[in-house]
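These notes are about the structure you will find just below.
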Amino acid sequence: METTYFRTKTTVSFINYHFVFCPKYRRKIFLIPRVEERFKELTRQKCEELNIEILTMECHIDHVHLFLKCWPTQSPAEIMKEIKGASSHVLRNEFPK
């Protein structure tokens, strides 16, 4: 994997975050057909909007691993709020169970 830095006029940064998060009550939502593919699609769309690079994304039965590369102006809490909020809302509407 090639190391690339984010550069601005006055700064150089290299920030990677490894997030591990679970659905509410650690439900096994990824056993439901098509949920995993839809979750990955929604996450990719949101990361493109936020200018975040997804290095790896793995979904297990009841949790997700995300390894992201982002700008220093983006806080980890804000990143997760955006990703989890957008995906949760859409998945709850599309997959009611």
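What the table shows:
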read-out	value
Cα-Cα separations in the range 6-74 greater than 13 Å, expressed as whole percent	69
Angle in degrees between helix 35-50 and the longest Cα principal axis of the chain, rounded to the nearest 10	30
Qualifying GluC sites (Glu not before Pro) in the range 1-82, DSSP loop, other Cβ atoms within 10 Å at most 15	GLU2
Rounded tilt (10° steps) of 76-94 against the dominant C-alpha axis of the chain	30
Pairwise label distance in nanometres, THR73 with LYS24, each label 7 Å out on the Cα-Cβ vector	3.3
Point-to-point label distance, TYR5-GLU41, nm (Cα→Cβ direction, 7 Å offset)	3.9
Charge dipole (debye, nearest 20) of the chain; +1 at Cβ of Lys and Arg, -1 at Cβ of Asp and Glu	360
Estimated FRET transfer efficiency when R0 is 22 angstrom, pair SER13-HIS63 (beta carbons, to 0.05)	0.20
Amide proton proximity set for ILE52, modelled H, under 5 Å, gap of 5+	none
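Only the coordinates and a few stated rules stand behind these numbers; no lab work does. Note that the coordinates shown come from a computational prediction; the quantities given were computed from them, not determined experimentally. Using ideal geometry, Cβ is built from the backbone for each residue, glycine included, and neighbour counts are taken over all protein chains shown.
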